[in-house]
Amino acid sequence: MAKTVIQLGLEGRTLRGIRLENDGEETKCNDAVCWPFDAEPSEEDGAAPSDLPANPEDATIADEDVPQEEDNPLEAALVEAAAYYRTREVSISLPLSELFVKVLKFPAENREDLDDMVAAEMKSLSPFPDEDLRIGWEIVRETEKELFVSAAALPESTGGRIGESLSAAKLTVVRTDATALGWLRTLWPRITEKPGVGRRLVMLDLDGNGWELVVLDDDTPVILRGLGLSASGDKVRLRREIMLSLMEADGFSGGREVGEVLVVTHGPVDSDTRELLAEYGEVREILCEDENGGVEGCARREDEDCSFDATPFAWADALKEGRFKRRLNLSVAVAFGVWILLVVVAVGGLFVVDALTGRVAANSKRHQREYKQVNDMRERVELVKRYSDHNRGVLEILKAVSDRLPDGVTLTSFQFKREDGVKISGEAEQPTMVYDFKNALVKSEAFATVNLRGPSASRGVHKFDIEAVFEAEEED
């Protein structure tokens, strides 16, 4: 089935849009359109970077105190976009200055708990302590020991006015991305064309929102910030923000020298800015002629099923409500058509249908309540039966494994899943000990299948991994 993505991007005083179509064989981006609008200009040289506002309460009060114009230019642009693409559902990309973005690092063994761990970490770092943020994240790098996760949220205090414009234009948001990540997706071959650079400082000035800063360590983004400073703005503040970002990167992934400073713009930078950036490393300019590279990159990220989504709860609820209303309207239209047909055939049949419908609805409601009670009881019984079986308890399985552990073999990891089995990692003095251990597990009655990976010699020991699977329970 063909997949279509309608991507809109807020870039300074311009709303950009693009349509991506994927028919399973070819992906095309077309219908690139922009709608300029006279939005209220941001304070020249920017406020504090919005990923860490100085005072969230002040930001909220400021939004409330701004006088509202009768004609909302952003709303008008969104209305035009909805009419042009003939849609009510869009994806949207925003500048980093509108988002709360962080790159986090977790142990690789905690992959299955990343949802909870990312949410907890972002909550502890959030400058919006009283706000329930909806966190979107994606893994940007994975090693044997660590996972690097890019996480973001759109605070209500900074996204409220955008949400009002979307609501007025009757648009709902499927996914929210950062335009800077779209630019990285589009320009990645040019950004990384020079090999062997440990740390890159990437300065982007592409979407009319001022400088956006990305620090890449081994081509992995570790810092993402919207500086809120125009290209011709305060050089003292620009130098300070760059230094703070590099210090934060040092604390995250260790101190490194900047191997390359990339300046990504639509035109050459002034000599003063280039001289300032040269203080941090060799400067390389990337001139980008494509005005739509940011929204196209975000559209392709969605087509690739990227999990990064900073859509706030209010927008997500509006999407669900809009889809429900459309399904309801369709159902009502179909029902109305059937009703008209019935009236034409026989007016008297309507009363019979109403009576039967009421009776069926009452029976259905009663049966649904009874079914729920029986189903809940069945689930409780199954739960009790499952956890009453101590033969598959973690202690019994651990004992079964330990009893068959030969001398000279040390376990380094033991992962237990009641419904599946166990995953074991360990080290042995001799490879024969590993095979003896595996054969002992095979002969045990605890597991149906035992798979061995290894042993492999490393630093004087022989490492191995074993996956032992329980015998599947017979279904009733």
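Of the residues making up region 245-261, those that are over 26 Å from the mean Cα position of the chain (by Cα) and within 16 Å of VAL202 (Cβ to Cβ) number 6.
Can you name every one of the strands (runs of 3 or more DSSP E) wholly within region 136-208 that holds 3 or more residues which are surrounded by 21 or more Cβ atoms within 10 Å (Cβ to Cβ) and of a type outside the set (Phe, Trp, Tyr)? Lay out the reasoning, then the answer.
Numbers: elements: 136-142, 146-153, 172-178, 199-205.
In region 136-208, 146-153, 172-178, 199-205 are the strands (runs of 3 or more DSSP E) which contain 3 or more residues that are surrounded by 21 or more Cβ atoms within 10 Å (Cβ to Cβ) and of a type outside the set (Phe, Trp, Tyr).
Please verify whether region 253-263 includes one or more residues that are hydrophobic (A, V, I, L, M, F, W, C), in the same structural domain as LEU104 (by TED's automatic domain parsing) and either assigned to a loop (DSSP other than H, G, I, E, B) or without any contact (Cβ under 8 Å) to a residue 12 or more places away in the chain (or both). Looking through region 253-263, at least one residue is hydrophobic (A, V, I, L, M, F, W, C), in the same structural domain as LEU104 (by TED's automatic domain parsing) and either assigned to a loop (DSSP other than H, G, I, E, B) or without any contact (Cβ under 8 Å) to a residue 12 or more places away in the chain (or both). Hey, could you check region 264-319 for residues that are part of a loop (DSSP other than H, G, I, E, B) and among the small types (Gly, Ala, Ser) and say which is nearest to ALA32 (Cα to Cα)? The extreme case among them is GLY267.
Residues are listed down the side, and each one gets a yes or a no for (1) of a type outside the set (S, T, N, Q); (2) more than 36 Å from the chain's Cα centre (by Cα); (3) outside the structural domain of VAL174 (by TED's automatic domain parsing); (4) modelled with pLDDT of 90 or more:
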residue	(1), (2), (3), (4)
VAL295	yes, no, no, yes
ALA299	yes, no, no, yes
CYS306	yes, no, no, no
ALA316	yes, no, yes, no
PHE324	yes, no, yes, no
PHE336	yes, yes, yes, no
ILE340	yes, yes, yes, no
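Just one of the listed residues (GLY322, GLY337) is in a helix (DSSP H, G or I) and touching a residue at least 24 places away in the same chain (Cβ under 8 Å), namely GLY322. Looking at GLU75, GLU89, GLU21, GLU57, just one residue is modelled with pLDDT under 95, surrounded by fewer than 13 Cβ atoms within 10 Å (Cβ to Cβ) and farther than 26 Å from PRO221 by Cβ, and that residue is GLU57. With respect to being among the acidic types (Asp, Glu), surrounded by 14 or more Cβ atoms within 10 Å (Cβ to Cβ), assigned by TED's automatic domain parsing to the domain that holds PRO36 and under 27 Å from ARG13 (Cβ atoms), GLU212 fits the description.
Residue by residue, here is whether (1) acidic (Asp, Glu); (2) in contact with a strand residue (DSSP E or B) (Cβ under 7 Å, 6 or more places away or on another chain); (3) closer than 25 Å to ASP218 by Cα holds:
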| site | (1), (2), (3) |
| --- | --- |
| LEU104 | no, yes, yes |
| ASP113 | yes, no, no |
| LEU147 | no, yes, yes |
| ALA169 | no, no, no |
| THR179 | no, yes, yes |
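Anything in region 303-336 that is charged (D, E, K, R) and more than 24 Å from GLU164 (Cα to Cα)? List them, or say none. Hits for region 303-336 are ASP303, GLU304, ASP305.
Quick check: anything in region 289-299 surrounded by fewer than 10 Cβ atoms within 10 Å (Cβ to Cβ), closer than 24 Å to ARG19 by Cβ and either of a type outside the set (Ser, Thr, Tyr) or free of Cβ contacts under 8 Å to residues at least 40 places away in the same chain (or both)? Even if it seems obvious, please write down each step before you answer.
Filtering region 289-299 down to residues surrounded by fewer than 10 Cβ atoms within 10 Å (Cβ to Cβ) leaves 289.
Still in the running and closer than 24 Å to ARG19 by Cβ: 289.
From the residues that got through so far, the ones that are either of a type outside the set (Ser, Thr, Tyr) or free of Cβ contacts under 8 Å to residues at least 40 places away in the same chain (or both) too are 289.
Yes, region 289-299 contains a residue that is surrounded by fewer than 10 Cβ atoms within 10 Å (Cβ to Cβ), closer than 24 Å to ARG19 by Cβ and either of a type outside the set (Ser, Thr, Tyr) or free of Cβ contacts under 8 Å to residues at least 40 places away in the same chain (or both).
What do you reckon, is ASP177 closer than 18 Å to GLY294 by Cα and either touching a residue at least 24 places away in the same chain (Cβ under 8 Å) or not aromatic (Phe, Trp, Tyr) (or both)? Show your work before the answer.
Numbers: closer than 18 Å to GLY294 by Cα: yes; either touching a residue at least 24 places away in the same chain (Cβ under 8 Å) or not aromatic (Phe, Trp, Tyr) (or both): yes.
It is true that ASP177 is closer than 18 Å to GLY294 by Cα and either touching a residue at least 24 places away in the same chain (Cβ under 8 Å) or not aromatic (Phe, Trp, Tyr) (or both).
Yes or no: VAL236 of a type in the set (Val, Ile, Thr), in contact with a strand residue (DSSP E or B) (Cβ under 8 Å, 6 or more places away or on another chain) and at pLDDT below 95? Criteria not met by VAL236. None of ARG175, ARG141, ARG161 is out of contact with any Cys (no Cβ under 7 Å at 6 or more places or on another chain), modelled with pLDDT under 90 and not hydroxyl-bearing (Ser, Thr, Tyr) except ARG161.
For (1) touching a residue at least 12 places away in the same chain (Cβ under 8 Å); (2) in the same structural domain as THR449 (by TED's automatic domain parsing); (3) surrounded by fewer than 16 Cβ atoms within 10 Å (Cβ to Cβ); (4) farther than 19 Å from GLU471 by Cα, each residue gets a yes or a no:
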position	(1), (2), (3), (4)
LEU395	no, yes, yes, no
LEU398	yes, yes, yes, no
ASP403	no, yes, yes, yes
THR410	yes, yes, yes, yes
SER413	yes, yes, yes, yes
PHE416	yes, yes, no, no
GLY421	yes, yes, no, no
ALA428	yes, yes, no, yes
VAL434	yes, yes, no, yes
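The values are calculated or read from the model by the stated rules, or taken from the named source; none is laboratory data. On a predicted model such as this, the values are computed, not experimentally measured, just so you know. Positions of Cβ are generated from backbone atoms using ideal geometry, with glycine treated the same way; all protein chains shown enter the neighbour counts.
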